[in-house]
Amino acid sequence: MTQPHLARHSASPWRLVWWRFRRHRLAMAGAVVLAVAYLVALFAEFVAPYSTEHQQVDHGGAPPQTVKVVDTSSGGWDWGLYVNGYTDHVDEETLEITYEVDHEQRIPLRFFAEGEPYKLFGLFETDRHLIGPADPDGPPVFFLGATVNGYDLFSRIVHGSRVSLTIGLVGVAASFLIGVVLGGISGYFGGWVDTAIQRLIEFFMSIPTLPLWLGLAAAVPTDWGPMQRYFTITVILSVIAWTDLARVVRGRFMALREEDFVTATALDGVGRPRLIFAHMLPSFTSHLIASATLAIPAMILAETALSFLGLGLRAPAVSWGTLLEEAQNFATLEAAPWLLLPGAAVVVIVLSFNFVGDGLRDAADPYKS
Amino acid sequence: MSEEPMSSAAGAVLAIEDLRTHFHTRDGVVKAVDGVDLEVSAGTTLCVVGESGCGKSMMARSVLGLIEPPGRVQSGAIWWQPDRGREGTNLATLDPHGERLRRVRGAEIGMVFQEPIAALSPMYTVGAQLVEAIRLHTDLSMGEAKDRAIAELTRVGIPRPEKRFDAYPFQLSGGMCQRVMIAIALCCDPALLIADEPTTALDVTTQARILDLLGELQEQTGMAVMFITHDMGVVAEIADEVAVMYLGRIVERACVDDIFASPAHPYTQALLESIPSIDGHRKSRLAAIEGLVPHPSDRPAGCPFHPRCRAALPGLCDVEMPDRHQLGPDRLAACHLYAPSVRENGPLATGRAEPVEAVSPTRPGSAVPRKKPGSVPGQAPGPRETTTADVDSDVRADADVEPLLTVRDVRVHFPVKHGLLRRAAWEVKAVAGVSLEIMPGETLGLVGESGCGKSTLGRAIVRALEPTEGAIWYRDGETGPVDLARLRGRELQPYRGKVRMIFQDPFGSLNPRKTLLQIIGEPLRRLPDGVRPDSSLPDRVAEMLRAVGLRPEYMWRYPHAFSGGERQRINIARALITQPRLVIADEAVSALDVSIRAQILNLLGDLQAEMDLTYLFISHDLSVVQHVCDRVAVMHLGSIVEQAGTDRLFAEPRHPYTAALLSAVPVPDPRRRGGDGRIRLDGELPDSSDPPAGCGFHVRCPYRREERCMSEVPSLVSASGDHGVACHHADELDLQRPSSAEPRARVSTGRDDGLVPSAER
């Protein structure tokens, strides 16, 4: 009904989707958060002050340090990033270590600080980190506290984002492929093919998810390396997750098959493969992307849950799930509540994906207003 | 604004004064209703007409406080006074969610919508919904309410109401659902019924009966009716008063006879001229209104109609909003032509719109178009201006010419899968043995109610689906006859370009993700002897776009940039770019507004002459079919019941079903309203999965006689000339078209007289 405005006339469908998406503020915010998170994951070695192996046993369970910009303790305005050091007391009876912030001790920070050497992308040898103590041989810094074993939690969350953020993408990509192919075949051809695929989907959906994960994960040989495990877990997750997508695709195909423009295209002499992939599929790719975006958080949560239970990735691999595993113990949690921070990272990422997915879903059909 | 006194509001139950309903959107204020004044009096019917997008529905919704944000009633008053003795209420000032307005809605004003099935909840039985409506506004107990509900269902003419009380909406036909909606709207005896296009979604036979019903109910209850429609035929049938609406304003108000006899406003005149009248002259060009209804947010300055108006006065109409001018008692027109200053200076010679008395009072609608055939710029009056007799003689003289397409006993059955193993439990016989011939260069019409199988037959011919049985012989002189029904897959490719289809839905038939170049060019790239992608594809598409009246540079745009009428032009371009011989137009103009419909019909006519096309024109709209077709085949329940030359069929129907269809078409002439000799069919189209034995029509036929109708299937027998009819008693029946003396005298000219002795009767 609405008379389109001039710019809209020759705008491509993707541009229309983008225009609508841009109006969804929450989704835009989510998109920005995700962009930052993936950049961090990409440059994890650079962003994190320490590597995953860097252990400070004598600082086990150290609390987070607040980054300060200006030091007024000496009366004047002394500009420069720094954190305060700790003084630690060991309880004679319980051997419990308590930390107190030592306002006297200043550990200056700097950007592009010298630290452990690493190879960025396995190519460039460097020892610079985005931020770190100005003196590489001085006392360590723990922005988000240290784990019980004395690892820097901030560095570990940064490194863990690699696994946690990509497992969702890889898993969804795999399930996407299975889902679109099987759902497409099911929806377009119908008949007994459809019946067979639908029964298969129902079978997969009837399997209780958690026990299946547990069973499959337990079956992974313990001597496999982190990469193999990572890959196996992804496959396990996507084997379960493709069914929903396949149903969405099937439903779309069935609805589209009845559309006049599909009949018209068939009458134009277009063959079946081209009809399916060049004419029908593009009219709901944006829907597919939206539902895929909404599927990624489920994957992330699944990985976190599995690893938390000790059945997904295991140390020394670092993911948000394995980090949370350390927070299982109530006593440790009481002493070091910051160990839950990887959970906060999960929440932020999952929410962002959901917002972006919502925005995409609303924008996916630019022809409805 | 209204400087002259409004006509007497003495009997008015509803008086709308300067109503403005605006929508505050991101892109600015959309003035959907912009200063409407109206009254509806008890016992009368006010028809509000106009093209879609003119704000008719928004006006009706404003009355009931049904405007959703971001819209709101900006200003104006809606005086509601159902009871003469009591003070009126201004509905515009009431809280839309308040108690008072809720009582008015339903109890005092009933409303009926366009889509009856969508307006009823599928989760509840119709009885439950009716009882709920009754109990909301009365204190009746459950049992009493049920008795009342059954009485209401009886009143609206639903057979076996006790049984239907427990039916769900999807178990009833569209016509039945509309009756239920009317029962709900009327269950509390409202003083006003607002009916928003209540028959637009229905078949013409059902429409006729719903209109009859509304008339009867109005007579019984004395309620006022505000009837919103775009169909001038319906207006002529039921209106007492008419208000013509354009872009949120009433441009003309008059009683129904005046509107049709002497339309004052140029918009009213143009609306009337663009209707292909069922008695009108065939194949002449229709006077289409130029352009489209603009979106209310792009309202032109001055008179909103001036860009499309033939009588627009430069310097006046595009600058100043016209006042309403009183042209007589109860007669208003908002047009500068009636301003005293303009009348004195007499610039009327420039336009055709003349003051009331000058318009030919005899044949409204059809008399005018021939005067000005080329009213669409750039479309010269084509060679379609042949007379009726010429066309008929063309077709008949070439009796030895081989038909382009011969359909032989084609059946299309759809299996209905049932049960766990999805076995085909029974079949729907959508097309149950149809034989047809289509001659080169002619236009064959295929008419019937929805569900009669006409679209299925069309789709079988283009081989969008596979016929179950039968043959479809195609011969075009280049190759020998080919049975399209037997070809599979790639074998069909050579014929895909020769037999093309134009679809009904201008929105669903274009892929929104492709540019026009891709959409229109696709068949050329795919079909044999089309162009290769690298060569002149854009040139050919540009040429085709020009041929259908679109700008060639539009080829880079996507379908969302176009309106319904423009999309239908794109559809036509896609169908014709392969230089086809036969085009199946499946309800190609049914989804369009009258003025746009006229443009598209003219275009189809021009292209037929230019490209030597043959059309199979599938439509449920008999007036359109009569206007464009040389011959017509009438389908009922999957079979052809009658087939004849257009003039013969319309003047002398020989099958009772044809006669009933014809008499159900509302004639845009209020003087011919009324029930003289009208045939109203009982019941709905039977279920084609379980067709009645014998003649498929016997359950509805008013002339059903003995055993034979119920046991023996009549075959299509050619009675005289090419007039075939499938009825056992065709020879005995006297199916004169009611009150058709005048048109018959005009249509049966030339050689028809010799052939049809009954025309002289």
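The values are calculated or read from the model by the stated rules, or taken from the named source; none is laboratory data. Worth saying up front: this structure is predicted, and the values here are computed from it rather than measured. We place every Cβ from the backbone using ideal geometry, glycine too, and count neighbours over all the protein chains shown.
Brief remarks on what is shown
- Residue B:467 being within 11 Å of chain A (Cβ to nearest Cβ) and over 15 Å from residue B:618 (Cβ atoms): no
- In this structure, residue B:730 qualifies as farther than 30 Å from residue B:241 by Cβ, at pLDDT 75 or above, aliphatic (A, V, I, L, M) and buried (at least 20 other Cβ atoms within 10 Å of the Cβ).
- Yes/no for residue A:261 being hydrophobic (A, V, I, L, M, F, W, C) and facing chain B (nearest Cβ under 10 Å): yes
- Restricting the stretch B:160-186 to residues that are free of Cβ contacts under 8 Å to residues at least 60 places away in the same chain and not in a helix (DSSP H, G or I), the residue that is nearest to the chain's Cα centre (by Cα): B:172
- Meets criteria (within 9 Å of chain A (Cβ to nearest Cβ), surrounded by fewer than 20 Cβ atoms within 10 Å (Cβ to Cβ) and either touching a residue at least 12 places away in the same chain (Cβ under 8 Å) or over 22 Å from the mean Cα position of the chain (by Cα) (or both)) for residue B:503: no
- For the stretch A:333-357, a tally of residues being assigned to a helix (DSSP H, G or I) and more than 22 Å from residue A:303 (Cβ to Cβ) returns 3.
- Selection status of residue B:459, within 13 Å of chain A (Cβ to nearest Cβ) and modelled with pLDDT of 90 or more: yes
- Residue check, residue A:264 out of contact with any helix residue (DSSP H, G or I) (no Cβ under 8 Å at 6 or more places or on another chain), aliphatic (A, V, I, L, M) and at negative phi: no
- Counted residues, the stretch B:283-314 - those being touching a helix residue (DSSP H, G or I) at 6+ places or on another chain (Cβ under 9 Å) and hydroxyl-bearing (Ser, Thr, Tyr): 1
- All helices (runs of 4 or more DSSP H) inside the stretch A:198-317 with 3 or more residues being modelled with pLDDT of 80 or more and surrounded by 14 or more Cβ atoms within 10 Å (Cβ to Cβ): A:226-257, A:260-267, A:285-308
- Listed by position, the helices (runs of 4 or more DSSP H) contained in the stretch B:507-619 that have at least 2 residues being under 20 Å from the mean Cα position of the chain (by Cα) are B:564-576, B:594-611.
- Condition broken by residue A:231, with the remaining ones in (1) without any contact (Cβ under 8 Å) to a residue 12 or more places away in the chain; (2) within 14 Å of chain B (Cβ to nearest Cβ) satisfied: (2)
Each row is one residue, and each column tells you yes or no for (1) surrounded by fewer than 17 Cβ atoms within 10 Å (Cβ to Cβ); (2) part of a loop (DSSP other than H, G, I, E, B); (3) of a type in the set (Ser, Thr, Tyr); (4) at pLDDT 80 or above.
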site	(1), (2), (3), (4)
B:658	no, no, yes, yes
B:682	yes, yes, no, no
B:694	no, yes, no, yes
B:736	yes, yes, no, no
B:742	yes, no, no, no
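- Matching residues, the stretch B:533-551, being within 14 Å of another protein chain (Cβ to nearest Cβ) and either touching an Asp or Glu at 6+ places or on another chain (Cβ under 9 Å) or among the β-branched types (Val, Ile, Thr) (or both): B:541, B:550
- Scanning the stretch B:292-323 for residues that are within 14 Å of chain A (Cβ to nearest Cβ), touching a residue at least 40 places away in the same chain (Cβ under 8 Å) and out of contact with any strand residue (DSSP E or B) (no Cβ under 9 Å at 6 or more places or on another chain) gives B:292, B:294.
- Members of the stretch B:196-213 that are in contact with a helix residue (DSSP H, G or I) (Cβ under 7 Å, 6 or more places away or on another chain) and not in a helix (DSSP H, G or I): B:196, B:198, B:199, B:201, B:202
- Residue check, residue B:243 assigned to a strand (DSSP E or B), at pLDDT 90 or above, within 28 Å of residue B:82 (Cα to Cα) and more than 20 Å from the chain's Cα centre (by Cα): no
- Residue in the stretch B:33-40 that is within 14 Å of chain A (Cβ to nearest Cβ) and either under 33 Å from the mean Cα position of the chain (by Cα) or not β-branched (Val, Ile, Thr) (or both) present: no
- Among the candidates B:513, B:496, residue that is within 8 Å of chain A (Cβ to nearest Cβ) and more than 19 Å from residue B:540 (Cβ to Cβ): B:513
- Residue match in the stretch A:45-56 (condition: part of a strand (DSSP E or B) and of a type in the set (S, T, N, Q)): yes
- Yes/no for residue B:477 being small (Gly, Ala, Ser), surrounded by fewer than 20 Cβ atoms within 10 Å (Cβ to Cβ) and more than 9 Å from chain A (Cβ to nearest Cβ): yes
- Criterion applied to B:68, B:99, B:39 was being free of Cβ contacts under 8 Å to residues at least 60 places away in the same chain and surrounded by 19 or more Cβ atoms within 10 Å (Cβ to Cβ), and the one residue passing it is B:39.
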